[in-house]
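Asks: Structure provided below as structure tokens; questions to follow.
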């Protein structure tokens with residue numbers, strides 16, 4: 001992973017850039033692990049790990065760019081995304097006693113292959129846009145877009161509410177990653193507002209579990225078909 | 001005038017707080033008073049915005065914002081009155097304790113929701129607009145689920161998941177726009193409109209293009225543009241009726257406002273051709289889908305929801321024409337659609353309560369059972385079909401005229417064609433069920449909705465009629481300024 005300077009000569013990456021790119025890579029790998037894990041509990045753990053990694057990146061950037069307000073974001077996002085949300089979801093899941101993710105629309109192997117294709121597309125498409133600047137680790141941006149695209153695959157091919165919510169939550173991680181590497185100086189309130197969206201998704205998720213579970217004891221979205229046309 | 005603006009953003013919060021603590025009529029009284037006060041404040045700000053902007057702190061209101069504020073505050077007042085009657089019928093089915101709790105939550109939610117929709121057009125900067133639209137999602141998703149039925153939970157789940165993903169994409173759009181701006185303005189700026197528009201010419205083109213496409217897809221999710229509209233009919237149909245009216249008349253428009261702000265910057269950076277082209281593609285596909293779905297709908301509220309999708313398609317196409325006449329039509333369309341869809345949804349809600357079904361096949365003889373409600377519903381549908389003498393006829397006529405005079409002849413012709421298909425769907429479905437006579441000559445007991453539910457609909461119909469026959473001078477001035485602000489970035493003159 002090399003950064004290209006303005007002159008086009010390949011240079012060794014700075015510590016900051018190296019960290020950002022490494023973290024982005026780890027986030028993408030965790031996304032793939034979520035895609036292949038069959039146990040819902042494992043998916044939730046992977047999501048918690050991914051959130052923790054993104055929170056650490058926020059702290060690193062807060063230090064590297066001397067933006068103290070990002071420490072707030074780091075702490076908040078760790079508390080919410082790595083601790084609270086996974087805990088609430090696994091509690092709700094314990095009540096419903098479902099353990100295995102519903103079978104997806106595709107087999108796991110095909111899912112992974114589709115995702116590799118999609119992630120590669122995202123990676124190179126963003127790379128081809130030549131969005132460069134001296135302070136921007138552009139590999140991290142491409143990786144963040146790849147994370148977002150793979151999370152869409154996760155939401156589309158899986159047919160249970162837990163996988164879909166985890167897909168959305170990890171989409172949020174991908175967007176956070178992009179905002180941290182591209183626009184660290186961007187107003188903090190955006191990130192915080194998006195964290196609230198997660199909480200509301202959890203609340204609606206809870207209502208859905210309650211009303212839906214009363215009638216059919218499954219978490220499969222294949223039953224959510226009464227509204228159409 | 002800055003005082004008016006601050007008061008406008010405080011009143012719904014206060015009303016929400018009051019309604020969440022008191023019981024009985026006091027909650028409704030607070031909400032109605034807040035609705036009327038907000039409408040009055042917007043009217044007071046109206047003329048002064050005709051000549052410039054109102055700015056204080058992070059708030060900034062110009063002519064474009066004003067149009068959306070008027071639409072929302074009008075619906076706020078109308079829906080507040082309607083809710084008083086609507087909840088009376090709903091609460092009759094619950095115990096008094098559960099009823100009080102339901103009413104408190106409901107009114108708190110409605111007030112907060114309106115607050116968020118007044119906040120989004122009043123703030124200065126793309127980042128804050130995104131935050132405003134985000135808050136509207138948070139509040140309205142919980143409100144959609146408030147009835148606690150299985151269908152409501154399913155609709156709320158689809159809504160929160162799809163809209164949140166859309167907002168994630170819209171946040172990416174904001175990030176790219178921030179990146180583009182940071183190349184010229186440095187790392188510490190806050191995406192405020194005057195700054196961005198003043199330097200729009202120097203922004204790097206590629207990130208701005210990318211940001212615009214992402215914004216159209218992301219915010220388009222909340223507008224209901226094809227192919228990311230799928231949550232919309234579910235949420236509109238399953239939400240309580242006062243909320244359906246606000247979602248359709250106001251929320252979709254406010255989300256469209258966010259796209260308009262991106263449009264302004266993009267048109268100033270890379271020209272209106274690119275931005276217009278993107279909107280044209282999405283607009284035509286949206287309109288096509290909605291027109292086809294309108295032809296065969298069996299559920300009354302889904303039917304109106306697809307009509308909203310249709311009108312959002314018209315807005316997108318109107319902006320893509322990019323000349324001042326079409327943009328004037330678009331701005332007027334935002335207002336008349338709020339009145340038309342408000343009237344249609346509110347009277348449909350009364351019909352649904354009266355007949356206890358949303359299925360059009362079971363709604364017959366409405367004119368005999370609920371003469372006032374059925375008449376206002378049919379008038380509102382005529383207005384939504386863009387029949388003269390109602391306001392939507394005027395706005396759609398202007399959009400099409402703008403399209404032809406900007407030499408977008410083919411697109412304007414497609415627009416006329418698709419609007420006609422939608423007209424057939426709207427008219428045929430209405431005459432088949434609502435306007436049809438009673439089955440086997442038995443009209444059933446006559447049970448008109450209470451006055452709280454009839455008067456607000458009459459207000460909507462009167463506004464539609466008024467704006468169709470006569471455009472008051474100050475209103476024309478602000479609409480003209482809004483159209484000018486939107487077209488100036490694209491290099492068009494004021495016309």
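No value in this document is a laboratory result; all are computed from the given coordinates. These numbers were taken from a predicted model, which means no experiment stands behind them. So basically every Cβ, Gly included, is an ideal-geometry build from the backbone, and we count neighbours across all protein chains shown.
Asks: Over the range B:145-270, one equal point on each Cα, no solvent: what is log10 I(q)/I(0) by the Debye formula at q = 0.12 Å⁻¹?
Replies: Those come out to -0.51, one per q.
Asks: So how far apart, in nm, are the two label points at residue A:94 and residue A:110 if each is 7 Å from Cα heading toward Cβ?
Replies: About 3.7 nm separates the two model spin labels.
Asks: Order of B:368, B:148 from fewest to most other C-beta atoms within 10 Å?
Replies: On the way: B:368 16, B:148 11.
Neighbour counts put them in this order, fewest first: B:148, B:368.
Asks: For labels at residue A:15 and residue B:4 in the simple 7 Å Cα→Cβ model, what's the distance in nm?
Replies: 5.7
Asks: For chain B, take the longest principal axis of its alpha carbons; what is the angle in degrees between that and the long axis of helix B:96-122, to the nearest 10 within 0 to 90?
Replies: 20
Asks: To continue, here is another question. For chain B, find the longest principal axis of its Cα atoms and tell me its angle to the long axis of helix B:272-295, 0 to 90°, nearest 10.
Replies: Long axis of B:272-295 versus the principal axis of chain B: about 20 degrees.
Asks: May I pose another question? Hey, how many Å between the Cα centroid of the range B:363-419 and the Cα centroid of the range B:8-85?
Replies: 28
Asks: If each residue's Cβ is checked for other Cβ atoms within 10 Å, how do A:55, A:37 rank with the fewest at the top?
Replies: Values: A:55 22, A:37 18.
Ordered from fewest to most neighbouring Cβ atoms within 10 Å, A:55, A:37 come out as A:37, A:55.
Asks: How much length is gained if the chain between residue B:88 and residue B:404 is pulled fully straight, taking 0.36 nm per residue apart and subtracting their Cα-Cα distance, in nm to one decimal?
Replies: Extra length from residue B:88 to residue B:404 when fully extended: 108.8 nm.
Asks: So if R0 is 60 Å, what FRET efficiency would residue B:58 and residue B:436 give, r being the distance between their Cβ atoms, rounded to the nearest 0.05?
Replies: On the way: r = 53 Å, r/R0 = 0.89.
Using R0 = 60 Å, I get an efficiency of 0.65.
Asks: Per-residue mean of other chain beta-carbon atoms within 10 angstrom of the beta-carbon, peptide B:178-186? Walk me through the numbers before you get to the answer.
Replies: On the way: counts 7, 10, 1, 2, 7, 2, 0, 0, 1.
Shielding by partners across B:178-186 averages 3.
Asks: Of the listed peptides A:80-89, B:195-204, B:239-248, B:255-264, what is their order by residue-averaged count of other C-beta atoms within 10 Å, with the highest listed first?
Replies: On the way: A:80-89: 19.0, B:195-204: 17.4, B:239-248: 27.4, B:255-264: 25.9.
With the highest mean Cβ count within 10 Å placed first, the list reads B:239-248, B:255-264, A:80-89, B:195-204.
Asks: If the chain between residue B:387 and residue B:285 were fully stretched, how many nm would it gain, using 0.36 nm times the residue separation less the Cα-Cα distance?
Replies: Working: separation 102, 0.36 × 102 = 36.72 nm, distance 2.32 nm.
Gain on stretching residue B:387 to residue B:285: 34.4 nm.
Asks: Now for a separate question. For the protein assembly as shown, what proportion of DSSP beta bridges, expressed in % and rounded to the nearest 5, is antiparallel?
Replies: That works out to approximately 100 percent antiparallel.
Asks: Work out the mean other chain Cβ neighbour count within 10 Å for the residues of A:196-204 and drop it here as an integer.
Replies: Working: counts 5, 11, 1, 1, 10, 8, 1, 6, 13.
The per-residue average across the peptide is 6.
Asks: Testing the spin-label approximation: label points 7 Å from Cα along Cα→Cβ at residue B:148 and residue A:33. State their distance in nm.
Replies: About 4.0 nm, to one decimal.
Asks: Kindly put B:455, A:53, A:27 in sequence by how many other C-beta atoms sit within 10 Å of each C-beta, fewest to most.
Replies: Working: B:455 14, A:53 19, A:27 25.
Lowest to highest Cβ neighbour count: B:455, A:53, A:27.
Asks: Next question, about the same structure. Using packing as a proxy for protection, rank B:273-282, B:356-365 so that the peptide with the highest average count of other Cβ atoms within 10 Å comes first.
Replies: On the way: B:273-282: 20.6, B:356-365: 15.7.
With the highest mean Cβ count within 10 Å placed first, the list reads B:273-282, B:356-365.
Asks: How far, in degrees from 0 to 90, does helix B:2-21 lean away from the longest principal axis of the Cα atoms of chain B, to the nearest 10?
Replies: Helix B:2-21 sits roughly 40 degrees off the main axis of chain B.
Asks: Please give the average number of partner chain Cβ atoms lying within 10 Å of the Cβ of each residue in B:207-214, rounded to a whole number. Write out the running numbers ahead of the final one.
Replies: Working: counts 4, 0, 1, 4, 0, 0, 0, 0.
Per residue, the average neighbour count from other chains is 1.
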